[in-house]
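Just so it is clear, none of the values below were taken in a lab; they were calculated from the coordinates. Keep in mind the model is a prediction, meaning the values are calculated, not measured. For neighbour counting, all protein chains shown are included, and Cβ atoms are generated from backbone atoms with ideal geometry for every residue, glycine included.
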Amino acid sequence: MVLYMGIVLYAPALALEALTGITRVSAILSTGLVCTFYSTIGGMKAVLMTDVFQSLLMYAAIFSVIICAGIQNGSLSEVWRIAEEGGRTSILNFNPDPTIRHSWFTLIIGGGITFLSLYGVNQTQVQRYLTIRSLRNAQKALWLNLPILSILSFSTSFAGLSIYSRYFDCDPVSAKIISSNDQLMPYFVVDSMGHIPGLSGIFVAGIFSASLSTISAGLNSMSAVTMEDYFKPVYRRCMRKDVTEGLNSALIKIFACSYGLACIAIAFLAQYLGGVLQASLTIFGVVGGPLLGVFTLGMFTTFANQRGALTGLIIGLSFALWMAFGGPRPPLPTLPVSTSGCDADLGIAQSINITHSKPNTEYFWLYRVSYLYNGVFGLLTTLAFGTLTSLISRKLIDNSNADDDYIDPNLFVPPLAKKVRHHLENSMKLVTLSGSLSELNESTRKNGLAK
């Protein structure tokens with residue numbers, strides 16, 4: 001989570017650098033310190049209140065880019081036509097090959113597992129659920145999130161096509177106008193919207209809102225986990241008493257501040273992790289897949305135990321990290337770009353730069369697999385080794401099913417929970433019957449002695 005928040009902090013720094021001329025270092029420090037301050041002081045309630053307002057600014061920034069591009073091109077249909085001619089709308093790729101970076105199977109399977117881990121087992125998201133008054137209201141909020149997030153996803157994708165319609169014949173990166181693809185949207189705002197009062201400010205506010213809402217929620221969730229799952233158990237064991245409310249509040253603020261400073265440090269290294277979007281989804285997949293595997297073992301099986309879950313998590317996480325960051329890796333496939341429409345005074349060749357997207361089979365197969373499958377492989381590895389270790393440890397080490405006495409039916413999926421409750425009820429009946437028989441035998445024995 002710290003790695004991801006560092007990347008999230010790095011993204012608006014690029015925008016602020018392109019729009020205002022502020023150095024990247026100053027942008028990272030100012031954004032990180034402000035976010036750390038209000039997250040530390042305000043807690044989770046401050047996060048939730050600011051999230052609503054920040055979401056509105058995010059939508060305003062995206063739609064301002066789309067509307068501006070539509071006006072410049074005459075209509076949004078013209079934006080789509082230019083993107084279609086440039087090969088940017090190939091959405092019907094049904095090739096199941098996992099080495100293809102983006103296809104229907106990659107997005108549905110790989111993206112589905114990634115987002116399942118985000119909305120199912122991610123600490124930040126779960127903590128947001130827990131702040132809602134009831135389970136029913138939390139479910140309503142999650143269902144309401146589906147269309148809102150879908151609209152945002154389609155809007156950001158179309159915003160990318162809108163930017164392409166402006167620079168389809170003069171790629172700013174190839175023309176050395178900007179240094180990174182991540183700076184395309186901020187450059188578009190300066191180049192196409194800078195003359196309109198207020199629009200640049202809306203864009204900056206939207207970009208920073210997206211960053212701040214994510215970082216603030218992450219800081220609070222990590223500080224809460226650190227306090228509840230690590231510090232309190234150790235404190236009780238060493239001090240033989242519970243943490244006081246005052247100490248609890250102070251330590252959570254210290255933890256949040258410490259994590260904020262760590263995120264600032266990671267942000268300075270984020271430029272070496274590749275594109276912002278791919279780096280974010282890679283981290284989510286690497287961590288989320290194995291974590292989802294542990295929860296799946298616990299919810300869908302009754303034989304999984306602590307040894308199996310921990311072993312599966314460690315091996316799954318190690319495998320996903322190796323798969324995501326091991327090397328050497330083939331260069332990323334890119335679509336053709338052109339500089340034929342650039343001004344002559346830029347001093348660049350009027351040519352088209354084409355990079356073929358065919359995978360290089362000389363590289364190791366796992367290093368060529370799409371980054372969206374990192375979570376899938378991490379999930380499967382965790383399930384496989386977690387299941388195997390649990391069965392072996394029960395057979396050779398535990399030599400019993402003593403853990404069954406402590407099974408909580410509420411921790412399983414409904415069909416399995418029903419079976420567990422039925423099993424526990426039968427066990428209780430047997431215990432009661434056994435106790436009654438023992439009492440009857442004891443009474444009979446005493447009566448026999450009396451005679």
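Points worth noting:
- Residue-by-residue Karplus 3J(HN,Hα) for region 231-248, coefficients 6.51, -1.76, 1.60, Hz, glycine and proline x: 6, 4, x, 5, 5, 5, 5, 7, 9, 6, 7, 7, 6, 6, 4, x, 5, 4
- Projecting the Cα atoms of Thr89, Ala15, Thr106 onto the dipole axis of region 6-109, where Lys and Arg carry +1 and Asp and Glu carry -1 at the beta carbon, places Ala15 farthest toward the positive end.
- Karplus 3J(HN,Hα) series, Hz, for region 412-421 with 6.51 cos²θ - 1.76 cosθ + 1.60 (x for Gly, Pro): 10, 5, x, x, 6, 4, 4, 5, 5, 4
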